[in-house]
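One structure below.
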Amino acid sequence: MAVYKIVEIGDEILKEKAKPVKNINANIIKLLDNLADTLYDAKGAGLAAPQIGVSKRVIIVDTGEGLHELINPQIISAAGQETDIEGCLSIPGLIGDVTRAVTVKVKYLDRHGKEKDLTAKSMLARALQHEIDHLEGILYVDRAVNIRKLSQKE
């Protein structure tokens with residue numbers, strides 16, 4: 001597969017609403033595989049297709065419990081609220097405090113076109129919300145307070 005250059009803040013694609021995937025074909029499967037290669041190379045927790053310059057509603061997340069691949073993800077319910085530190089591969093060197101739901105339920109298609117849902121809590125829920133925001137053209141810095149340079153301690 002391939003490791004892509006991650007698009008950084010300032011690139012217009014990060015502010016655009018990503019296009020829905022109409023049918024899952026070899027190009028979408030390749031996109032999922034390339035997103036995973038790029039994510040693991042960058043040592044991140046999640047990656048959205050716009051972050052590698054592709055306007056498709058495709059995200060991947062791995063917060064340590066295995067890879068989740070989501071095509072056309074939609075948050076269908078959310079509960080609780082929690083503020084925590086976030087960073088982003090598209091905004092290197094900065095972090096900020098973002099308030100997000102503690103638990104989310106997400107409806108999506110898997111790589112085989114099967115409709116699924118995933119109920120996530122804590123870090124996985126936060127990562128899903130962060131990546132789905134990318135599909136809407138929203139960056140964490142649009143929601144964050146106390147944006148600061150990443151220190152060696154954090």
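Couple of notes before you dig in:
- Among (1) in contact with a Pro (Cβ under 8 Å, 6 or more places away or on another chain); (2) part of a strand (DSSP E or B), the one test that Leu14 misses: (2)
- Among the conditions (1) in contact with a Lys or Arg (Cβ under 8 Å, 6 or more places away or on another chain); (2) crowded, with 19+ Cβ neighbours inside 10 Å; (3) more than 18 Å from Leu31 (Cα to Cα), the only one that Pro73 does not satisfy is (3).
- Meets criteria (in a helix (DSSP H, G or I) and touching a Leu at 6+ places or on another chain (Cβ under 6 Å)) for Leu31: no
- Selection count, the range 45-68, where residues are assigned to a strand (DSSP E or B) and more than 10 Å from the chain's Cα centre (by Cα): 2
- Within the range 96-154, considering residues that are assigned to a loop (DSSP other than H, G, I, E, B) and at pLDDT below 95, the one nearest to Glu16 (Cα to Cα): Leu150
- Subset of the range 107-146 [over 26 Å from Leu32 (Cβ atoms), surrounded by 13 or more Cβ atoms within 10 Å (Cβ to Cβ) and among the β-branched types (Val, Ile, Thr)]: Val141
- Failed item in (1) buried (at least 23 other Cβ atoms within 10 Å of the Cβ); (2) in a strand (DSSP E or B), with Asp84 passing the rest: (1)
- Search result, residues across the range 87-99 that are buried (at least 19 other Cβ atoms within 10 Å of the Cβ) and either without any contact (Cβ under 8 Å) to a residue 40 or more places away in the chain or among the β-branched types (Val, Ile, Thr) (or both): Ile91, Ile95, Val98
The values are calculated or read from the model by the stated rules, or taken from the named source; none is laboratory data. Here the structure is a predicted model, which is why all the values come from computation and not from measurement. For neighbour counting, all protein chains shown are included, and Cβ atoms are generated from backbone atoms with ideal geometry for every residue, glycine included.
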